[in-house]
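Notes for the one structure printed next.
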Amino acid sequence: MFYKSADDWNNAAHKRVALFGMSGLGKTHVANILRRDGHWFHYNVDYRIGTRYMGEFIVDNFKREAMKNPFLAELLRTDSIDISSNISFDNLAPLSTYLGKPGNPDLGGLAFEDYMHRQSQHRIAEINALSDTGHFINRAQTLYKYNNFICDTGGSICEVVEPDNENDPVLRHLSDNLLLVWIKGSEAHADQLIERFNAAPKPMYYPPEIMRDMWARYLAEKGQSEDQVNPDDFIRWGYAEALHHRQPRYEAMARNWGVTVAAEDVAQVRTPADFNAMIADAITNKTR
């Protein structure tokens, strides 16, 4: 671990952490609290993906839709209008919209192979964005003079690393630069996440072998062809399975590379002091 003891953490002039776990368990909640304090640099991996690595794909997709309208098409061809992504830490919808969902095009679905192509783009972008962490730690200190650094990772981090591989390049890079912290949810949290997702299903990244298997099983179970699938129904159908698939991968990341905090404790964090105490306790529990 980057910090060998609670004293190492408490006495560190530059505190550095990366939070990981399922979306909805408090990563961004904590990052926002620390950022507002004014002494923490907030590196949002999903934002980096949507700007640096997938920004052009996202904007081209907007333009592709606009070109279907003759009025807008002519303005675009003559450079009379500009279309851009207004992605932000609090609004990652442009990235989600680009990733999309497979299924019936009349319901906003993508052809399955187009969907898989975008999934592959996201995998590459996420690995690159995570690998930029060290650069941003240095940038935060030398350019912006921030003493502390928090990396807010996406829920799919566990799908682009090999937690049990001691030479995994992404996890090695992260552990060499900061402390990895798993926000662990309970079964009750899992039920809440599923309920929340069912109310507003959003695109997610899945490893290709898992996605292709889920897609084939869904088509067989529903007796549908690809262009008959309701995109939201398919995404809802696969979410609980993805949730349970990720849990042991997160656990392995924490066991081999970092520490664990409970989502219930994260929800109680109100100040940087609360956060620092929580991390110190987590390090002590790991090193006992």
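The values are calculated or read from the model by the stated rules, or taken from the named source; none is laboratory data. Everything numeric here is computed off the predicted structure, so don't read it as measured data. We place every Cβ from the backbone using ideal geometry, glycine too, and count neighbours over all the protein chains shown. The protein model used for the area step is the full one, side chains on, heavy atoms only, and it has no ligands, DNA or RNA in it. Shrake-Rupley method; radii C 1.70, N 1.55, O 1.52, S 1.80 Å.
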Counting only residues that are in a helix (DSSP H, G or I) and closer than 22 Å to Ala262 by Cβ, how many does the stretch 172-193 have?
9
Scanning for something touching an Asp or Glu at 6+ places or on another chain (Cβ under 6 Å) and not aliphatic (A, V, I, L, M), does the stretch 129-136 turn up at least one residue?
no
So the check is Cβ under 7 Å with 6+ separation or different chains; which pairs have a first residue in the stretch 235-260 that's touching a residue at least 40 places away in the same chain (Cβ under 8 Å) and a second one that's surrounded by fewer than 21 Cβ atoms within 10 Å (Cβ to Cβ) and in a helix (DSSP H, G or I)?
Tyr239/Ile194; Tyr239/Phe197; Ala240/Ile194; Leu243/Ala190; Leu243/Leu193; Leu243/Ile194; Trp257/Ser175; Val259/Lys286
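If you take the residues in the stretch 208-232 that are hydrophobic (A, V, I, L, M, F, W, C) and in contact with a strand residue (DSSP E or B) (Cβ under 8 Å, 6 or more places away or on another chain), which one is surrounded by the fewest Cβ atoms within 10 Å (Cβ to Cβ)? Spell out how you get there, then give the answer.
Here is the first cut: in the stretch 208-232, the residues hydrophobic (A, V, I, L, M, F, W, C) are 210-211, 214-216, 219-220, 229.
Cutting the leftovers down to in contact with a strand residue (DSSP E or B) (Cβ under 8 Å, 6 or more places away or on another chain) gives us 215, 229.
On the way: Trp215: 20, Val229: 23.
Per the stated criteria, the residue is Trp215.
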Could you list, in sequence order, the residues of the stretch 168-207 that are loosely packed, with under 15 Cβ neighbours inside 10 Å and closer than 20 Å to Leu99 by Cβ?
Ile194, Arg196, Asn198, Ala199, Ala200
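Filter the stretch 261-288 for residues that are touching a residue at least 60 places away in the same chain (Cβ under 8 Å) and farther than 19 Å from Ser5 by Cβ and give the result.
Correct list: Ala262, Ala263, Glu264, Val266, Ala267, Val269, Arg270, Thr271, Pro272.
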Yes or no: the stretch 143-166 includes at least one residue that is among the hydroxyl-bearing types (Ser, Thr, Tyr), surrounded by fewer than 17 Cβ atoms within 10 Å (Cβ to Cβ) and not in a helix (DSSP H, G or I).
yes
Looking at the stretch 109-125, I want the residues that are under 25 Å from Gln228 (Cβ atoms) and have a partner that is among the β-branched types (Val, Ile, Thr) and surrounded by 17 or more Cβ atoms within 10 Å (Cβ to Cβ) with Cβ atoms under 9 Å, at least 6 apart or on another chain. Which pairs are those?
Gly109/Val229; Phe112/Val229
Matching residues in the stretch 2-28 - criterion: being under 25 Å from Glu251 (Cα atoms), surrounded by fewer than 16 Cβ atoms within 10 Å (Cβ to Cβ) and not polar (S, T, N, Q):
Lys4, Asp7, Asp8
Can you name every residue in the stretch 181-226 that is within 16 Å of the chain's Cα centre (by Cα) and within 16 Å of His117 (Cα to Cα)?
Pro203, Met204, Tyr205, Tyr206, Pro207
Enumerate the pairs (first residue in the stretch 195-217 and in a helix (DSSP H, G or I); second residue anywhere and open to solvent by less than 80 Å² (accessible area, probe 1.4 Å)) with beta-carbon separation below 6 Å, excluding pairs fewer than 6 apart on the same chain, so at least 6 apart or on different chains.
Phe197/Tyr239; Met214/Gly238
Cβ-Cβ under 7 Å, sequence separation 6+ or interchain: first residue in the stretch 82-106 and touching a residue at least 24 places away in the same chain (Cβ under 8 Å), partner of a type in the set (Val, Ile, Thr) and open to solvent by 40 Å² or more (accessible area, probe 1.4 Å). Which pairs?
Ile87/Thr51
Determine which single condition Ile124 fails, assuming it passes every other condition in (1) open to solvent by 70 Å² or more (accessible area, probe 1.4 Å); (2) more than 14 Å from the chain's Cα centre (by Cα).
(2)
Just checking: which of the helices (runs of 4 or more DSSP H) contained wholly in the stretch 41-93 hold 2 or more residues that are loosely packed, with under 13 Cβ neighbours inside 10 Å and at negative phi?
55-66, 70-77
